[in-house]
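Taking it in order: structure first as structure tokens, then the write-up.
What follows is calculated from the coordinates using simple rules that are stated; it is not laboratory data. Please read all numbers here as calculations on a predicted model, not as lab measurements. Cβ atoms come from the backbone with ideal geometry, glycine included; neighbour counts cover every protein chain shown.
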Amino acid sequence: MHKGYLCLVLHSHLPFVRHPECDYFLEENWLYEAITETYIPLIRMMERLVEEKINFRLTMSLTPTLISMLKDQLLQERYLRYINKLIELAHKEIERTRWQPEFQSLALMYLDRFLGARDTFERYKRDLTSAFASFQDKGVLEIIACCATHGYLPLMDVVPASARAQIRVGIKVYEETFLRKPKGFWLPECGYHPGHDYFLKENGIKYFFMEIHGILHGSPRPKYGIYAPVYCKSGVACFGRDWESAKQVWSSIEGYPGDYWYREFYRDIGYDLDFEYIKPYIHPDGIRINTGIKYYRITGSENKQPYNPQMAKEKAAEHAGNFMFNRERQIEYLYDFLKKKPIVVAPYDAELFGHWWFEGVMWLEFLIRKINFDQKTFTLITASEYLNENPRNQVITPSLSSWGWKGYNEMWLQGANDWIYPHLHKASERMSELVKLHPNENDGLIRRALNQALRELLLAQSSDWAFILGTGTHTTYAIRKIKEHLLRFSTLYEQIKSRSIDPHWLEDIEQKDNLFPNIDYCLHQ
Amino acid sequence: MKRVIKKIKEKIKEKINRLKERKKTKKRLSAHRKEQLKELRGEIKQPSFSNQQAIMLESKYYTPEFKTHYPYVEELPAGYKENRMVLLTRDPWWIHTYWELSPFFLEKIKNDLREEFFNAKRVLRVYDVTNIVFDGTNAHRYFDVEINDYANNWYIDTAGPGRSWCVDLGLKLASGKFITLLRSNVVSTPLDGSSSITDEEWMVPEEIFARLYGIGAGLGVSSPVKKGWQQEVRKKLWQPLASGALSSLASPVKKKEAVGARKFWLIVNTELIVYGATEPDATVYVQGKQIPLRPDGTFSLRFALPDGKQVIPVKGISKDRLEEQTITPVVTKETR
């Protein structure tokens, strides 16, 4: 008899970056890297597990911006161009490292990965969302919905219509993509503002996830801490993140990813090799960038040693065993202590796995296999399965919280990014005004403009831009994105108000910011 | 004469009041602020967990930045020429407000107040409106924050977790009279610890809750449960970081160099290019491995060259396989 549950959640998100006006656009690489290093390895992992009939449950969010990019034909074509370039480079690397077997074996490893990525990409007809959908249909993966553009809701509370639009558009995209209603929801950055659960409720959402202190500081005190969900007053269930399991993975110091045998993220041949040689594979202007081929391990000193896949694999297995062991002890203890089967919720950013932590997907696969074969203390579960088994839970009002730096709103509201809110809030108000003025617009052109206005507003609201401004590095692009979308919104607002829409310009921005094809501006209220 | 004395008295009173206010503010320097100061002084060495997580999240957007790459984008308007004041919660202790005064409105106030306007101080009046419907007069208490005339936003330390706030932007006239220019929306700061409210049906003893709190927060079963456990746990986990810490998100695995350590460095690698030409339809082997020829029969290969001796037989075979030729460069590399 098992004594509790582990709920693994992977939150996958990238902001909408798509620039058809440029032949090459550096920031689009965020998507291509994530496809190669995270999404495809996760898909291949699930394929293996399903094929071997290993019983497992995973929860994943795919944000609407990510879904839109994964389904976009232009980006699909560009991904193929990207991966083909990498394959070419890997071939060259195998030749170049002929007299350095310790590197040549790595070049071969990369070639194998890139070929596998291209193959998987083509097998799913270039649309990876269909891969995730198929695992959901098989019952091993539960995909949850997320806000339209990953807007940070607590700072949108001044114009609640925007928070609702984020949620409603997000759910619409989910339904169109996965042909069913979502049960769960991922609040961007786990940002919860009391009352927003009602917006989830009115859209049929059954549960969402929250940072630990959102529940622990809720009122009244949660009897089971974060080891059982609570219901908000709206009736939506809410699961708190367990920090013990979070820290083992998330911490760059005490966590697994910092192990000296793991691959070093910051050493890339894009920076290391002779300029003339690497030139065709970096930025066309000759700016060195990451290629994805990295030969060194973290090592623990500046004198980096070559990466050793075998040792890294053993480490990943060891860490998976350690993680499982800790969960067993934790769950046994909690079971005796609570006289109830606890649920331990462990959410992670999906892009951490494979991208920053190269061995992360391998670790996850080891973990799932070990949980299946090596222990009987707990099982994997999804939040909705847990709620079916345990429908009766305490009602509390959770506290404002996020999983960001310092646990509240500061990551997105500080000296470096607070200037965006007067503009964002103004735009939200204007959007509400437009919806009021055009309750049911029949004019096709104006309707298109209204829909595009909502797209632009949502795009400006992405939490990513504020986050990047907050970190203070590579801010130029983030500033550009915020300005660009807000300016497009303002122009649309003026044109709609004066009923003088420039159809050519509208068409142009519709083609650039082409996500959410079936958006309805009336969702902003 | 009497008037002058009265004026002086008022000024002294005002000064005393301001000093009192300052003292109060100092008192409001909560434990959290002290922690923050410690961070600023570099007394806390290890970045908090949430900071480490931010470092990893940032790797998602890991691309080099170069300014010339992006086309020019127009500026956003400086304002919207209207009266507006918005209040946002930052965390349990701090709130943030931004505002805009329409130029028209400001002119009107100036005209109404004339000289008094220029002698007045701009002040944010922060009302504690917890659990009430605020009508402008019924706040539990308020405190003033003096600001400069050019500010259009402000961070306010309320030192009051778990309360609701409303802020007025106003003018404090020389007479002490306060005139409200703008009023914000109401926001609430979250609790800084667990609620003191428990419900009967889901009763949980203090000690068990303390234990659960500590375990959830990753402190294991040895987490503090005795008196003051909340402070203990908080100290371990939510110790905030100085804002500067995030701006220098470099490789977290890189060891920080000791202050004053010299940074000069030099790396030398060698590569060897082997190139040549033959009949376009010939077959060429380098170290026993067939290599592709360009359409004109030329070829070139590039090898990373480690220390030691490399014997590189290059064998060409004619299309009809009747002729064969081998040339063998021998290269020795040595690093001193």
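Brief remarks follow.
- DSSP beta bridges in the protein assembly as shown [antiparallel fraction, %, rounded to 5]: 70
- Normalised by 2.2 N^0.38 Å, where N is the number of residues, the alpha-carbon radius of gyration of the stretch A:226-283 equals 2.07.
- For peptides B:294-301, A:442-449, sequence by mean Cβ density within 10 Å, most packed first: A:442-449, B:294-301
- Selected from A:Pro220, A:Ile343, A:Leu492, residue furthest toward positive end of dipole (chain A; charges at beta carbon): A:Pro220
- Ordering of A:456-463, A:318-325 by packing [mean C-beta count within 10 Å, highest first]: A:456-463, A:318-325
- Dipole check for the stretch A:16-78: with +1 at the C-beta of Lys and Arg, -1 at the C-beta of Asp and Glu, and the Cα centre as origin, the magnitude is about 420 Debye.
- Neighbour-count order for B:Arg90, A:Arg48, A:Arg164, B:Arg234, fewest beta carbons within 10 angstrom listed first: A:Arg48, B:Arg234, A:Arg164, B:Arg90
- By the count of neighbouring beta-carbon atoms within 10 Å, fewest first, B:Leu173, B:Leu293, A:Leu89 end up ordered B:Leu173, B:Leu293, A:Leu89.
- Peptides A:431-437, B:107-113, B:141-147, B:165-171 ordered by packing proxy, namely the average of other Cβ atoms within 10 Å per residue, highest first: B:165-171, A:431-437, B:141-147, B:107-113.
- Dipole in debye (nearest 20) - chain A, about Cα centre, beta carbon charges: Lys, Arg +1; Asp, Glu -1: 1440
- Point-to-point label distance, B:Leu272-A:Phe325, nm (Cα→Cβ direction, 7 Å offset): 4.8
- Calculated from the alpha-carbon coordinates, the protein assembly as shown shows an Rg and a Dmax of 30.4, 125 Å respectively.
- Debye equation applied to the C-alpha atoms of the stretch A:143-275, log10 I(q)/I(0) at 0.14 Å⁻¹: -0.74
- Farthest towards the positive end of the charge dipole of the stretch A:427-525, among the residues A:Leu506, A:Asn440, A:Trp465, is the Cα of A:Trp465, using unit charges on the Cβ of Lys, Arg, Asp and Glu.
- Relative contact order (%) - chain A, alpha-carbon pairs under 8 angstrom, separation at least six: 22
- The 3J(HN,Hα) values that the Karplus relation (6.51, -1.76, 1.60; θ = phi - 60°) gives for the stretch A:37-43 are, in residue order, 9, 10, 5, 5, x, 5, 5 Hz. Gly and Pro appear as x.
- Note on the stretch A:270-359: with charges restricted to the Cβ of Lys and Arg (+1) and Asp and Glu (-1), its dipole about the Cα centre is near 420 debye.
- Inter-centroid distance (Cα atoms) of the stretch B:126-147 relative to the stretch B:159-196, Å: 5
- Built amide H within the under 5 Å cut-off of A:Tyr408, gap 5+: A:Ser402
- Lys/Arg +1, Asp/Glu -1 at C-beta; the protein assembly as shown dipole; positive extreme among B:Pro92, A:Pro517, B:Tyr80: B:Pro92
- Using every pair of separate Cα atoms, the Kirkwood estimate puts the hydrodynamic radius of the stretch A:390-430 at 13.1 angstrom.
- Kirkwood's formula applied to the C-alpha pairs of the stretch B:85-179 gives a hydrodynamic radius of 14.2 angstrom.
- Projected onto its three principal axes, the C-alpha set of the stretch A:235-357 covers 66, 37, 20 Å, listed from the longest axis down.
- Considering only the Cα atoms of the stretch A:376-472, their convex hull presents on average a projected area of 11.7 nm².
- Hydrodynamic radius of the stretch A:5-121 per Kirkwood, over alpha carbon pairs, in Å: 16.1
- Debye log10 I(q)/I(0) at q = 0.19 Å⁻¹ for the stretch B:134-213, Cα point scatterers: -0.95
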